[in-house]
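Accompanying notes for the structure given below.
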Amino acid sequence: MARAYASAVIPAPIEKVWEILRDFNGLPSWHPAIERSEIEDGLRADTVGAVRSFHLAGGGGHVREKLLSLDDSAFTLSYSFVKPAFPVENYIARIALFPVSETGETFALWEAEFDEAPEDRGKYGPVISEGVFAAGWAALKRQLG
């Protein structure tokens, strides 16, 4: 099983960061790789089981992800690929936020586990860690900084 991971300290209180991240349809408002997004079947963006359908910037493709959990008290959510951005299987991602009590900022964690084809072993962990997760945190930091 492969793993992708990125963390950051976001210069904003946890409630403000969570307000942005808990919107499962909100990626275009903060992640530079996402051009547009919609929730399928008329569901609300915070409904577990909702599927977001989004298009990558610059014609980079179409992705569908399913919301598996959303916990406002723990500041966590998880999702899986329905139509992946990468040729991986069994992809489960999690976002978790933690307050930095000393500064009032937010520690943000974004991680995923997934299976790669044998010929791709070790290929997609760094791509997702840096190109998706770390890039997203950097953009959110700029937006909230």
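The values are calculated or read from the model by the stated rules, or taken from the named source; none is laboratory data. For clarity, every value in this text was computed on a predicted model and none was experimentally measured. Here the Cβ is made from the backbone with ideal geometry for all residues, glycine too, and neighbour counts use every protein chain on show.
What to note about this one:
- Residue within the stretch 23-39 that is hydrophobic (A, V, I, L, M, F, W, C), assigned to a loop (DSSP other than H, G, I, E, B) and surrounded by fewer than 14 Cβ atoms within 10 Å (Cβ to Cβ) present: no
- Answer from F86, F75 - the residue that is more than 21 Å from G125 (Cβ to Cβ), surrounded by 15 or more Cβ atoms within 10 Å (Cβ to Cβ) and among the aromatic types (F, W, Y): F75
- Looking only at the stretch 61-73, and only at residues there that are in contact (Cβ under 8 Å) with a residue 24 or more places away in the chain and assigned to a loop (DSSP other than H, G, I, E, B), the one that is farthest from F86 (Cα to Cα): D72
- Scoring G61 on the criteria (1) at positive phi; (2) crowded, with 16+ Cβ neighbours inside 10 Å leaves a single failure, condition (2).
- Cβ-Cβ distances below 6 Å connect the following pairs, each with a first residue in the stretch 40-59 that is within 14 Å of L21 (Cα to Cα) and touching a residue at least 24 places away in the same chain (Cβ under 8 Å), a second residue that is surrounded by 16 or more Cβ atoms within 10 Å (Cβ to Cβ) and not hydrophobic (A, V, I, L, M, F, W, C), and a separation of six or more residues or different chains: R52/N25; R52/S37; R52/E65.
- When residues in the stretch 74-92 are screened for being in contact (Cβ under 8 Å) with a residue 24 or more places away in the chain and of a type in the set (G, A, S), 1 of them pass.
- The stretch 74-92: number of residues that are under 22 Å from D115 (Cα atoms) and part of a loop (DSSP other than H, G, I, E, B): 4
- Being in contact with a Gly (Cβ under 7 Å, 6 or more places away or on another chain) and closer than 26 Å to R142 by Cα holds for only one residue in A96, A4, and it is A4.
- Which listed residue, of G58, G49, is modelled with pLDDT under 95, over 19 Å from A2 (Cβ atoms), out of contact with any Asp or Glu (no Cβ under 7 Å at 6 or more places or on another chain) and not in a strand (DSSP E or B): G58
- Candidate set: the stretch 6-22, residues that are within 11 Å of the chain's Cα centre (by Cα) and within 16 Å of A112 (Cβ to Cβ); chosen: the one surrounded by the most Cβ atoms within 10 Å (Cβ to Cβ): L21
- Residue match in the stretch 116-137 (condition: outside any helix (DSSP H, G or I), over 14 Å from I20 (Cα atoms) and hydrophobic (A, V, I, L, M, F, W, C)): yes
- Residue within the stretch 47-54 that is closer than 23 Å to A134 by Cβ, surrounded by 14 or more Cβ atoms within 10 Å (Cβ to Cβ) and either in contact with a helix residue (DSSP H, G or I) (Cβ under 7 Å, 6 or more places away or on another chain) or among the acidic types (D, E) (or both) present: yes
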